[in-house]
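None of the figures in this text is laboratory data; all of them are computed from the coordinates on show. Since the structure is predicted, the reported quantities are computational estimates derived from the model, not experimental observations. Heads up, the Cβs are rebuilt from the backbone with ideal geometry, glycines too, and the neighbour counts pull from every protein chain shown.
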């Protein structure tokens, strides 16, 4: 009897696989390190308004792709637009759900106790202070040396110090007053650090979408909140720049 019921249901569905919603209403969100603080704040606002918890997990772009490809539980993913487009092309993100959230420029940060020369620009800064930046590996969200060189003003850095990712960049700059760090603008504020200069290179475009194998019935509602006025206000407060 069970087999007959399943066969009938499959016929009525036209042979399509059934979407399944987890009995737990919680939303699982994946994002890169640069956006974790902003998205935790957005998640808190959504939870306060809806009563639905949002669990935020952080990984670099290659890590996000790997987790989703291996069907680790995820409902919504936020990442650079190229990563979201790649996931949508593989039908791992619903293409029709993709929304643009804004642009995240690359910036230099300093220790907030450091006294930099007044009016110093990018060229003078990188020629004077060692710059900590992410190495070009899958652990990082971007190739720091390539980004730095893309700004012609930074053509002659006094020293580049490669590390695994931007959280490590921030930790190093927070510990030492004589260093600069290269990060995204959304991670350029916080205890012990401050923005020193903005690079004249293309900003990272940020998008979000629903994961095709997502399980929460509240995923679309959360994505709408994230892309709506309240979510946008939080992202703007963390200096994600709006689309022009």
**Request:** Subtract the Cα-Cα distance of residue 244 and residue 112 from 0.36 nm times their separation in residues, and report this length gain in nm to one decimal.
**Result:** 44.4 nm
**Request:** Relative to the longest principal axis of the C-alpha atoms of the chain, give the angle of the C-alpha long axis of helix 36-50, reported between 0 and 90° and rounded to the nearest 10°.
**Result:** 40
**Request:** Please determine, in degrees from 0 to 90 and to the nearest 10, the orientation of helix 166-175 with respect to the longest principal axis defined by the Cα atoms of the chain, where the helix direction is its Cα long axis.
**Result:** 40
**Item:** Stretchable slack from residue 143 to residue 70, in nm (0.36 nm times residue separation minus alpha-carbon distance)
**Value:** 23.8 nm
**Beta bridge orientation in the stretch 106-198: antiparallel %, DSSP, nearest 5** = 65
**the chain - mean residue ellipticity at 222 nm from DSSP helices (-39,500 (n - 2.57) per run, n ≥ 4, rounded to 500)** = -10000 deg cm²/dmol
**Prompt:** Between the stretch 166-244 and the stretch 144-160, what's the alpha-carbon centroid distance in Å?
**Reply:** 22
**Item:** Convex hull per residue volume in Å³, alpha carbons only, for the chain
**Value:** 137
**Request:** Provide the gained length on full extension for the span residue 96 to residue 62, in nm with one decimal, where the gain is 0.36 nm per separating residue minus the Cα-Cα distance.
**Result:** 10.0 nm
**Request:** Treating the angle as unsigned and between 0 and 90°, give the value, to the nearest 10°, between the Cα long axis of helix 2-12 and the longest Cα principal axis of the chain.
**Result:** 70
**Prompt:** Sorted by mean Cβ packing within 10 Å, highest first, what order do the peptides 130-140, 87-97 take?
**Reply:** 130-140, 87-97
**Asked** residue 202 to residue 49: FRET efficiency via 1/(1 + (r/R0)^6), r the Cβ-Cβ distance, R0 25 Å, to the nearest 0.05?
**Response** 0.10
**Asked** Modelled label-to-label distance, residue 86 and residue 120, 7 Å Cα→beta-carbon offset: nm?
**Response** 3.6
**Fill in**
By the Cα gyration tensor axes a ≥ b ≥ c (a/c under 1.5 gives rounded; else a/b larger than b/c gives prolate, otherwise oblate), the shape of the stretch 106-198 is oblate
